[in-house]
Each structure stands twice: as C-alpha cells, then as structure tokens.
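Structure, as structure tokens:
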Amino acid sequence: MKKRLILFLTVLMLIALAGCFNNSDKDKISASKGLIITESKDGVTVTTEKKLLATEIELAGNLFNSNVVITEDYLNIIQEVDGKKVLYISNYGEEKNITFELKNVKHGKINLVKELSESAIISDKVNKRSGEKLLGDFNGDNIVNMQDFSLFQTNFGKNVVTYDIGPATKGSGDWAGIFAFSNGDGVVGLEDLAVFAVNFGKEAPEEKVEIIEVSSVSLSVTKTKLEVGETINATATISPSNAANKTITWSVSDSNVISINGIDEVGVITAKAAGTSTVTIRSANGKSNSITITVEKKEEEKITGIEVYAKFSHIWAWGKNGSGAVDEFSAWPGQAMEDATGDWKKWYFADAKSIELIFSNGGNGKTGDLTISEEGRYWYVNGKFVTSNPDQDTEAPKVSILPKAKKEEGTTLYYEDATLNITLDVKDNQDSAPKAYYTTDGTTPSITSTLYTGATIAVTDNMTIKVFAIDKDNNSTLNSYTFKLNQDTEAPVVTASPDSGRFTQGETVKVTLTVKDNKDSNPKIYYTTNGDEPIENFNLLYNGSVITVTDRLTIKTLAVDASGNKSKKDFNYSFASGNVTTTRFDPRQESIYFLLPTRWFDGDPANTVGDEWCSYTEERVTPGGANYMADHGFTGPDDVTWRGDFKGLVEKMDYIKALGFTAIWITPVVQNRGPLCYHGYHGWDFTREDPRLESPGYDFQRVIDEAHARDMKICLDIVINHSGRYGIKNFAEVQYARDPNMYPVPDGWENFKWDEARYQAGLPQNYPNGWQYDGLTSPGTVNGKPISPSASFTQDVRPFTDANIAKYPGLTSLANGFLKFQWPSTESYCTTIDGRLDGENNSLTYEQYKTSARRLRGHNTGFPTGSGSFDNFPDAHLDSLHEDCPDLNTENKDVQQYLLNAYYRYIDMGVDMFRVDTVMHIHKETLNEMYWPQLLARAEQSKDARGGADFFIFGEVANFVNNLDDKPARLQQSHYTWDESVVGQGNSNNHLLDGNNYRTPDYSKKAPNGSSPYHVSVIDIISHNGFCDGVQGAYGRALSTSSAYNDATFLTWYTDSHDYGPNKGETRWAGDFKAAWSMLFTFRGIPIVYYGSEIRFAQGKPNDWPGGGGGGVNMSLEKTGRAYFGAHLEGTVTATDFGEYTASGAVNTTLSSDESQHLMRLNKIRLAVPALQMGQYSTDGCSGGWAAFKRRYTGTNKITGEKIDSYAIVGVGAGSYNFTGILDGKYIDCVTGDVKQVSGGSMSFSVPGDDSNLRVYVLDGLATKAPGQVITKTSSLY
C-alpha cells in the first residue's frame, strides 16, 4: 500500500512538472471572441478576425506591463485606464484586419471591447454640414494633420460641453468645450478617431474660383545699346492687368555682359562687358518676352604720354623715347610711386611715347626689365601690362535690413516684434558711401525717391519697402522686402542629457530628451534610433521615457511647435576603451598619408564586390563574347573596384606609422550609389558608412580608435557640394526617364508601386522581399538571371512623370538612358532654380538665386559646357559638375541641416580633420555662414574625442591654373581662406617672420570669421601645378603667392593625387619625388603624400580609368593610378614609433625602397622641429641651392602647457649656402649632427649630392632645444 501511494504521488508530481514545462506564455493568455493570437519570436501577434475601420482593445492582468509594438501605419492611442492598458487603433479610412504585437508577455487576457466598420460611423452627424469645418480639423486650418491629432489626444475621452466649429482658441466654455468633435456625440472617443483617420491629411473642399491667367507679357527698355558701366531701367507689362498671379521672373542669357536686378514689373540692367545679351521676362504660367541688349566698350579717355599702375612702392625708369637715363631717376630704387585707387600706385611720364622700367618694393622683390612702346594707361598684372583696370568695380552694393529677421522666405521677412523700427545697412566692395533710395508704398524707387540718410524707418505689418542702391561706378541693385510682424518664428530647441559624446566601452548611457519653445508650452519631439529621418508620426512621439544606449547610436529628433516651426537635431553616442591622448595640438604638426580605402588593402574578402562599370566579369574577359575587351587588364575574379576595406586599413595601419606619417586622409566613407562609386564621392546615404567597407568588429569607429591608439589622426574626406547620380536616399532622390529595354523590371517586382507619400515623409520604400540598396545584396533576377548588387536597374522603380514629358518635349528622347535628369518637376530634387525650359540659357545670378522662391534641394541641372562650370562665376557655384554629381542646393536650410547632422556624427566619433571636396563649387558666403561655423563649433564641443587637439578643415579649390588671377576672384583658392570682407586675394604677412622674430598673426579676417576657434584652409593647387616646371617651379609659386592667403602656413600640398598630376596632368606624376618632398616637409604648409608614391607605384598611368566612354570605364583599375596596392603590403609590420618598425615579407620590401626611407627620415626631422611644422619663414639674407630659408615658431602647446620656441636654417638641394642676419648661437644639423657656432649673424655651409639632399640647422638654447642628429644617413640624405 505504501509503495502504491509513493507511486501515485510520483505520477502526480510528474504530471505537475510536465504541466509546468509545457505551459508556455501563449497558453497563459486568453482572448475574447473576435481576436486571433499567434506565437511570434519573442511574444504573440494579435489580429482582429474581421476587417475593421477601428477597434478598442483592452489588455488586462499582467499584460499591462507588456510592450505593444504596432508595425503597421495606423493612427493609435494607448492609454492606462483603471489598471488596464487600452488600445485605440484606426486605419486610414480602409477596412482591414488590424494587427499588433505584444512583447515580453505574461499572464493576462486580451478583450475586444469595440469594433467599428465603416457603416457604424456613417450618419448625418458625420457628413460636413453647411458652414462647418472639415471633420477632424480641430484647429481650423482647413487640413487634418498631426497638430489636430495632438489636440485630439489631449481631450480623448472627455465630454464636450459646447459644439464649436471655429478654430481651437480660447472662447466660450472650458478647453474641452472648444472642440469640434468629429461625429457630434458629445464625447471625444473611438468613433472620432475613426472619422479623424478617414480625413487625415485631406484638405477641406474649396469653392471653385475662376482664376484669370496671364495671356501675354511685354518688355520695354529706354534703349538697347549701352556702354560698359551704364545702367538703365526695363519695364514689364502684364496682360490682362487683373491676372491672378502677376509674378515675373527676370533673367539674362549672358550674365558676363549685363546683369539684371528685377522686382515685380521693374528691372535694372547694368552693362558689365562688351557683347550682346538677351533679357527675358517670364510669367508664372510660362508667357515670355525678350529684348537683346548690345554693350559696347566705353571710349577710353585719350592721354598723351604714358601712365603706369602697379602694386609696388617704387619705380625705376630709363630709355624714354629711345634715349638713355631719365632725369628724375638718378639713384636706385628710383621714385616712390603715387597713391591711386585701392592698392594701386601710379606714375605718369608726361611726354613719353616709349619707356623701359622696373618696379620694386623699396629695391626688394623687383620685377625684370619691362618695356612700353606706345602712349596710354597701363596696369601691371601677373608679369604683363594690360590696358584696363583689372580691379574695376562691377559689383553692386549689398543691402541688409537691421535688425535681421528671425526667418526669411524669399523677400518676406518675419519678426516676432509687434512694432518695429529698421535701418538699412548698405555696403559696397569699393565705394565707402554708396547711396540708397527707398519707397514704402510699393512703388519702384529711383534716384528721385527718398534718399536714405541713416534714420530708422517705422515698419507696420505687411508693409513692403523697396530699395534702390547705387555706388559711385553706377553699379546698382533693386531690393524688395515685405515685413510680417508679431510672428512666432523660433523653432523648438531639443537638448539631450547626457549630450552627444564618447563614453567608456561597456558603459550604459541613459538618455532623456527635453524640448523648449519660446511660446509653445507643450512642443512635441519625434525621434528615431534606426537612422531614418523622424516625421510627425504618433508612433515616433517622445513620451519622456529613458532611451538606453549601450553601443554606437544616433538619436535623430524633430521638434515641432504649435505654429509649425520645426527643428532637427541629431545626438551621437559612441564608445571607446579609453581616453584619447595626444601632444600634437596644431594641424600643422601633422604629415598626411592619402589613400582610397577600397584600393589599399583587402582585409575581408566577404565584402569584396564590384561596381557595374569597372569590375571583372566573364563577359569582359572571354574572347568572342559580346562584351569582350582584348585590352581589359583584369587580373582575375578578385580584381574588382570595392576591394580594400576598414579591416584592411586597421591591419596595415602600422605601415603608415612606419613611414613616419602622423595622419591618414581617407576618401569619403558614406554609403555610395552608382555605376562607378568605389572612390566614395557619389554619396547616397550620408548618415551611415558604406557596408562594402565594413566587417564584423571593423566599423569606422574602430578605424578612428585604432589611429588614436597609435597617436595618429584621421582626416576624413567629405562632400557638401553634390550627391551621386541617384541623389540622397529618402531626402532628395533623383528621378530618371524609364527605359524598360535598357533596365527591365526585376522578376516579382511587376506590381511594385512607388509610394510618393512615404518618400515625402522621409520613409524608405517597401521594396519586394524587404530589399534595400546596400551594394552587397542583389534585388533578385531578370528572366531568371541574377542582378548584380551594383546594377542600375532601380531608376525604373520611381516612374517617369508623363506630365513632364508633355511640358518639356526635350525629355522624350531616351538616347542618353539614365544620364539625362528628369527636370524640372515638383517631385524631382533636380528642379531648376529659375523655371527655365530645356535649352534656354538664362540662369539667375547668385544674389537672385538666394532670394528665389523656386529653390528646392538642388541647384539647376545644367552640366558643364566647355569649362564654364569651372571657370565662370556664378556658374561654378550653381551648375552640376557632371551627370554623376548633381549639385545640392547648399543654401537650402533642409539641405544644410541634413549635411550638418551627417558630419556632426563624425566629429563626435573623433575625426580630427575634414578635407572637403569641390569647395570651389560652393559660394564662400554660404560656407562661412552656414557650414564652417557650425562644424567648428561642434568640433569645439567634442574636442575631448580628439584629445583636445585643434580641429582643421581644408578644401579642394580646383585652381588648375598657373596664377591665381587666371580664375575669377570668387573662384580663387586664396578667396576661401578669408572672411567676407576679402574677395579673391588678400595681403597677409601671417606667414612671414618679422626679421628673426615670430610675428603675432592677425587672424581677425580669417575664414569663416575672426572669432572662429579653428582654421579653415585649402589645398595649394597653384604651387602643386608648379611641379610641371620642376621642384623649383613649385617652390617659386609658393613664394610668390603666399601673401594672398590668410595664413599660408596652414596650406596643404602634394606632388600628385587621385584626380590629377601637376597642372591637371592626366597621369600619376613621375618627377623627382625625393627632392620635392625635401621641400614640402621643411617649407611652409602641411605635406601630403599619395599612396604608393613611396615606391613610384603606377607612375605614368592614368590617374583614373583610362580612355573614355563605356570601353574605358570597363577596363580594370589595374591599368590606372588607382590600382590595388595590397600586394605590396602583404606580410607583417609593427611600428614601435614614427619611422621605427619591424617587418617581413612584401611590406618589408616596400618599406625598404629609397623613396620610403627618404620619407621616414623627412618625417622624423619634421616631427622633431616645431619651426618646420608651424613656423613662419623668411628668405631675407638666405641664398644657395634651390631653396634657402629660415623658420621660427614661438608659442605654447595648448594641451601640455609647454613653451615652444624653435628656430631653424634650411637649405634644400646640393650647393653652397650663405645666411646673413640670423640669430647668433649654437646650431646643430638634424641630418649630419654638424655643429656651427654663429656670431655676427652669418653662417655658411655646403650640401653635397643632388636636389633631394638638405641641411636643417636648429638653434640650441631657446625654449625648444635643438634635437641634434635625428636620422641615420641614406643615399639621398647624408
């Protein structure tokens, strides 16, 4: 009996245990009738049995604490009522099965409380009655949107006391009583949510009003023949006069000949240069008229004798009229010239018909012998005489309104003030007292209108003030300003606690968001953590909860106030194993190794893939095939474009340190898209790195951290000017004409439809099978054949708009395939800036463009014609460089915020400097106001991520010319180193020693402004071009142009690059690298060396793919200067210090080359002598070799607090050297260790060998001691 009892109890226990183990979470949940529960990965999925318009569902028991995930795009409210969680869900007017998920489920019950079909809410109360607002329009703005939904939520479940269909502002009754409830039952409830969902985003019906269109426009001018400098008025007449939209656009066919400044029906034409140009007016509905203006050169005043102008202080002359000496020139350096306009000096030879002369600055820096052989006026520019003033003023005054408006939309200015007094700030580039005439009654001003004298002007709401400004040279501009007062113009401001930053690996960061607004007490925050741009969607609404961050994360926020003002801000959180430390505080202390990560070293074969146009395929290498190329150059299946990666860069980073370099310039790492984008300059998603560079454990943060761990720095290449040919993902995508024959739709994609609403909301498309472009994943097949991950089929996905074909017949031709942008279109990012039709040439000027209402997210779609977009202003700023580089509208606030947020992330991650691509194609004013200050301020905020070192920006200003003056002033590379007060070239001595003393630099006019914490500079391409004339040519260019920059010691330069060799050479440079580097590493500026130059890698090969057209592109990159370098890095290398290493294998052979060994030693010398890094220079009293100079730097290391004073004497190239006027004391040569004691200020020495050898004698006994002999001797340095 006892045994039976034990057995019975054992069975009961086993049954109980089995019940415990088999009773899953699903078994613990019960649901009422009408709901279906299915098990999901980490919870359950709940679906209504019926197709419903709206439903109310109650979660009881422990389900109160479960996480509700609503994956569909429903309108929903989740409330806590009497200890239960209640879900109110409605679809957008479509009956369907409503589905949601429960995560982390416990015991509990799901009750279906209410279900609504469409018939349940159809009644006379629902329909719009006479005089009522749109159902769901709670704030009376005639559209049902998120602002209404916010009001709806606030009052959900409340009784409505009064039915008030007016705007939701305080009136009769309490707050709830002001509601226009949707269905009129007195309670804001589920039925109202359903009605609201039906109407969401729909505008109220409007009465049809007859719109009177413009039938014709006419244009008249006072005359059609002008002289240069002359200004006339033009008048537009619109018929009929009562047309509804009387907007007129003014344009000219050649802005170099005349400029047009048009407001409404009046335009001011200014003649700029001889030639013809057509003025065109166009109405909003496309009616146009034109007049051609002829401009003749102004008759110059004839003079007897010769008058010369030059920017020198003295003139020496002889040989007047063929005779000998000139009486007044008896002693060198001759006569001090008289002051003329600006920086010009002049001298007049009254009775001369010919003369020979020399200009100098007090005898120094003299010109060669110059000859003038006939009477007239002459200006000396760039080594030659010209017969007109090259600095002649053709620029109109600029008018600004003070105080500055809080918000501007075209010519409309918004102020928060209820009353306003303004002043006009009128400035001109040459006239110190330009005049302004104005009206306040809407009429067009002229010189007979009220002259502005500086007094304040009282402004009332909706007043229009028009201003006509003119300078002494008759350059004029016409401006119109409409004032809106008492406006809420300030967007809410979001802050995060803690703020963006770097945190310790393994740390848990708990982030909370806060939003404040100047007027709205309850502004909203919407946010994402998955990289998508946030939109006004209830599911993204921030509710005050903590956001837990344990790994790298970007929180993207959108703040919205009740007035509709919006602001976006990203918060970036990254993690590292320790603090960043460095002792190099100044970017000039760096030497930079430049590489394309995809072409350097392949650490992960899994992400080794090809671009469509330049990668190995069987069809290209198989004889007899349709795409066979006999001279393809492919080496095998792994010979593809995307070959190197972040893993390879980390694995071989010690190689770069072994060469002695302290910084690495990496081409852009953002996600790219296009048929040839391995280089990184064709951005598609600027908010993330390209997956083809990443591997498990090797992201870009790892690259930065590995560099910092080696006391190295990362220079990241970024692009602001353009995207790739597809535009920017979910933000500014480019459409193309559909050509199914060229790009067939993938199998299974036949029913896919582009969702324009999702695109406009910043959401990704719902492509079949969840596909999204990443360059690694194929979207499927075509006729069963796999599609390459890089194939360009997807321009088919966003269809061509038929209406555009009808309006712009030039677009019907598909001959160019997808190379032709679909423009203009309100859907396309490439909308033109001026509404011009295809083939017309009437772009706006830059100033007109900035105030144009037709600015979207791209500039105009014009491609370069000849060199126009590279050599002309403002074309270079507004045109696309190429079909691969659609121009971004950098002045658009949305574009600005997108780009800033994207690049803030890299600053927060610890990137040390930016190289900025195609800077010449962006207006300096735009950069100095909208990009540089913001990026540098963020860098100051995140300086701990760099160990406290200065951030640095340097830009590519493509001056592939021999002289700065060969480019228009606003395209000159020197122009971009100054603030707005300097145009073109400045006149600085920040690079020059004051005798032997370090001069206190004057940075009051540096870019972007004198108060900026860091420096902005450029690549010195002008001096780089000089290498065409040998190493002396580059050195000579650097000497002659340095004063044009704010501080030439911040310039970067190189011998060759990924784009061009010197003087836009098409092949990699094959010159004297070692001699060039000996000067680059010791003279002013920051030296850069392009990957592989240390072994003369690929020298003489085309910089990019060879040839042209499809055939050239399809050849292997092994035939180019961008060939894969990895074979030369195989083996092992460990760097113990800069220029110190152990290595084996191929990489050891690479490091052993003569050029590599030369670089190592130059890097060591430069790193040991602060004067060579940051010092000013002088050539006074320095002679010998091909480059002789002295340098000194005096300052304080801002990180360590150490005092620095370093003085060096440098001679580059074989020869005898003499230095006079130098400091006395003991000098030690860094190359040989030779010691020289100087007294009396003189030193002499000889350098053996060739142009690459040098001496660097450093003065001992200053705050910074001489380092002594720094290197061991080589064949070139001894």
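The values are calculated or read from the model by the stated rules, or taken from the named source; none is laboratory data. This structure is a prediction, so every number in the text was calculated from the model and none was measured. For neighbour counting, all protein chains shown are included, and Cβ atoms are generated from backbone atoms with ideal geometry for every residue, glycine included.
Does at least one position in region 911-934 carry a residue that is surrounded by fewer than 24 Cβ atoms within 10 Å (Cβ to Cβ), over 15 Å from the mean Cα position of the chain (by Cα) and at pLDDT below 95?
no
Please give the number of the condition I447 fails out of (1) touching a Ser or Thr at 6+ places or on another chain (Cβ under 6 Å); (2) surrounded by fewer than 20 Cβ atoms within 10 Å (Cβ to Cβ).
Evaluating I447 over (1) touching a Ser or Thr at 6+ places or on another chain (Cβ under 6 Å); (2) surrounded by fewer than 20 Cβ atoms within 10 Å (Cβ to Cβ) leaves (1) as the failure.
So R970 clears everything in (1) in contact (Cβ under 8 Å) with a residue 60 or more places away in the chain; (2) closer than 24 Å to W665 by Cβ; (3) crowded, with 18+ Cβ neighbours inside 10 Å except one condition, right? Which one?
With (1) in contact (Cβ under 8 Å) with a residue 60 or more places away in the chain; (2) closer than 24 Å to W665 by Cβ; (3) crowded, with 18+ Cβ neighbours inside 10 Å applied to R970, the lone miss is (2).
Would you confirm whether any residue within region 107-123 is within 50 Å of the chain's Cα centre (by Cα), modelled with pLDDT under 75, surrounded by fewer than 17 Cβ atoms within 10 Å (Cβ to Cβ) and within 14 Å of E191 (Cα to Cα)? Break it down stepwise before answering.
So the first thing to find is which residues in region 107-123 are within 50 Å of the chain's Cα centre (by Cα), and the list is 118.
Remaining after also requiring modelled with pLDDT under 75: 118.
Now narrow it down to the ones that are surrounded by fewer than 17 Cβ atoms within 10 Å (Cβ to Cβ): 118.
Imposing the further condition that a residue be within 14 Å of E191 (Cα to Cα) reduces the set to 118.
Looking through region 107-123, at least one residue is within 50 Å of the chain's Cα centre (by Cα), modelled with pLDDT under 75, surrounded by fewer than 17 Cβ atoms within 10 Å (Cβ to Cβ) and within 14 Å of E191 (Cα to Cα).
Where in region 993-1106 are the helices (runs of 4 or more DSSP H), entirely inside, with at least 1 residues that are at negative phi, surrounded by 24 or more Cβ atoms within 10 Å (Cβ to Cβ) and under 24 Å from the mean Cα position of the chain (by Cα)?
Passing ranges, in order: 1021-1025.
List every residue pair whose Cβ atoms lie under 6 Å apart, where the two residues are 6 or more positions apart in sequence or sit on different chains, the first residue falls within region 336-360 and is aliphatic (A, V, I, L, M), and the second residue, located anywhere, is assigned to a loop (DSSP other than H, G, I, E, B).
Filtered contacts from region 336-360: A350/G305; A352/G305; I358/K366; I358/T367.
Counting only residues that are out of contact with any Gly (no Cβ under 9 Å at 6 or more places or on another chain), give me the strands (runs of 3 or more DSSP E) lying completely in region 35-95 with at least 2 of them.
Passing ranges, in order: 35-40, 43-48, 54-61, 75-81, 84-90.
Taking the options L1151, L1162, name whichever one is touching a Ser or Thr at 6+ places or on another chain (Cβ under 7 Å) and crowded, with 21+ Cβ neighbours inside 10 Å.
Answer to the selection: L1162.
Enumerate the pairs (first residue in region 1228-1246 and more than 19 Å from L1262 (Cβ to Cβ); second residue anywhere and part of a loop (DSSP other than H, G, I, E, B)) with beta-carbon separation below 7 Å, excluding pairs fewer than 6 apart on the same chain, so at least 6 apart or on different chains.
That search, which allows pairs on different chains as well, returns V1231/I1271; V1231/L1277; T1232/Q1269.
Is at least one residue of region 1201-1221 among the hydroxyl-bearing types (S, T, Y) and either assigned by TED's automatic domain parsing to the domain that holds F1050 or outside any strand (DSSP E or B) (or both)? Steps first, answer last, please.
We begin by selecting, within region 1201-1221, every residue among the hydroxyl-bearing types (S, T, Y); these are 1206-1207, 1216-1217, 1220.
Filter once more, keeping what is either assigned by TED's automatic domain parsing to the domain that holds F1050 or outside any strand (DSSP E or B) (or both): none.
Taking every residue of region 1201-1221 in turn, none turns out to be among the hydroxyl-bearing types (S, T, Y) and either assigned by TED's automatic domain parsing to the domain that holds F1050 or outside any strand (DSSP E or B) (or both).
Can you name the residue in region 395-410 that is under 30 Å from A273 (Cα atoms) and buried (at least 16 other Cβ atoms within 10 Å of the Cβ) and is also modelled with the highest pLDDT among such residues? Can you show your working first?
Quick first cut of region 395-410, residues under 30 Å from A273 (Cα atoms) only: 395-400, 410.
Now narrow it down to the ones that are buried (at least 16 other Cβ atoms within 10 Å of the Cβ): 395-399.
Details: E395: 79, A396: 84, P397: 90, K398: 89, V399: 93.
So the residue we want is V399.
Hey, can you tell me all the residues within region 1249-1267 that are part of a loop (DSSP other than H, G, I, E, B) and either closer than 22 Å to A1187 by Cα or among the polar types (S, T, N, Q) (or both)?
G1249, D1250, D1251, S1252, N1253, T1264, A1266 - these are the residues of region 1249-1267 that are part of a loop (DSSP other than H, G, I, E, B) and either closer than 22 Å to A1187 by Cα or among the polar types (S, T, N, Q) (or both).
Which of the residues that make up region 432-445 are in a loop (DSSP other than H, G, I, E, B) and closer than 29 Å to A236 by Cβ?
Correct list: P434, T440, D441, G442, T443, T444, P445.
When only residues in region 529-545 that are modelled with pLDDT under 85 and not in a loop (DSSP other than H, G, I, E, B) count, which is surrounded by the fewest Cβ atoms within 10 Å (Cβ to Cβ)?
Checked region 529-545; the qualifying residue surrounded by the fewest Cβ atoms within 10 Å (Cβ to Cβ) is N539.
If I666 passes every condition in (1) at pLDDT below 95; (2) crowded, with 24+ Cβ neighbours inside 10 Å but one, which one does it miss?
(1)
Just to verify a result, which residue in region 450-492, among those that are of a type in the set (G, A, S) and assigned to a strand (DSSP E or B), is modelled with the lowest pLDDT?
Of all residues in region 450-492, those of a type in the set (G, A, S) come to 454-455, 458, 469, 476, 480, 491.
Those still in the list that are assigned to a strand (DSSP E or B) too: 458, 469, 476, 480.
Details: A458: 96, A469: 93, S476: 86, S480: 91.
Selected residue: S476.
Filter region 973-992 down to the residues that are buried (at least 20 other Cβ atoms within 10 Å of the Cβ) and among the hydrophobic types (A, V, I, L, M, F, W, C), then identify the one that is nearest to the chain's Cα centre (by Cα).
Within region 973-992, the match that is nearest to the chain's Cα centre (by Cα) is W978.
Look at R970 and say whether it is of a type in the set (K, R) and modelled with pLDDT under 95.
Criteria met by R970.
Matching residues to (1) among the polar types (S, T, N, Q); (2) within 19 Å of E612 (Cα to Cα); (3) surrounded by fewer than 24 Cβ atoms within 10 Å (Cβ to Cβ):
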site	(1), (2), (3)
F661	no, no, no
N672	yes, yes, no
H679	no, yes, yes
R688	no, no, yes
E694	no, no, yes
Y698	no, no, yes
V703	no, no, no
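Quick one: how many residues across region 527-575 are among the hydrophobic types (A, V, I, L, M, F, W, C) and either farther than 18 Å from T512 by Cα or touching a residue at least 40 places away in the same chain (Cβ under 8 Å) (or both)?
So the answer is 9.
In this structure, is V669 of a type in the set (A, V, I, L, M, F, W, C) and under 30 Å from L553 (Cα atoms)?
Values: of a type in the set (A, V, I, L, M, F, W, C): yes; under 30 Å from L553 (Cα atoms): yes.
Answer is yes for this residue.
Filter region 423-464 down to the residues that are under 16 Å from L485 (Cα atoms) and either charged (D, E, K, R) or touching a residue at least 60 places away in the same chain (Cβ under 8 Å) (or both) and list them by number.
D461
Against the condition β-branched (V, I, T), under 30 Å from Q392 (Cα atoms) and in contact (Cβ under 8 Å) with a residue 60 or more places away in the chain, how does V957 come out, does it pass?
Taking the combined requirement at face value, the residue satisfies it.
Select from region 1223-1248 the residues that are closer than 27 Å to K1074 by Cβ and either part of a strand (DSSP E or B) or aliphatic (A, V, I, L, M) (or both) and list them in ascending order. Walk me through it before giving the result.
Step one: list which residues in region 1223-1248 are closer than 27 Å to K1074 by Cβ, which gives 1227-1236, 1243-1248.
Within region 1223-1248, Y1227, I1228, D1229, V1231, V1235, K1236, M1243, S1244, F1245, S1246, V1247 qualify.
Scan region 94-106 for residues that are modelled with pLDDT under 85 and within 10 Å of Y74 (Cα to Cα) and jot them down.
None; the set is empty.
With respect to T548, determine if the residue is of a type in the set (V, I, T), surrounded by 14 or more Cβ atoms within 10 Å (Cβ to Cβ) and at negative phi.
On the way: of a type in the set (V, I, T): yes; surrounded by 14 or more Cβ atoms within 10 Å (Cβ to Cβ): no; at negative phi: yes.
Criteria not met by T548.
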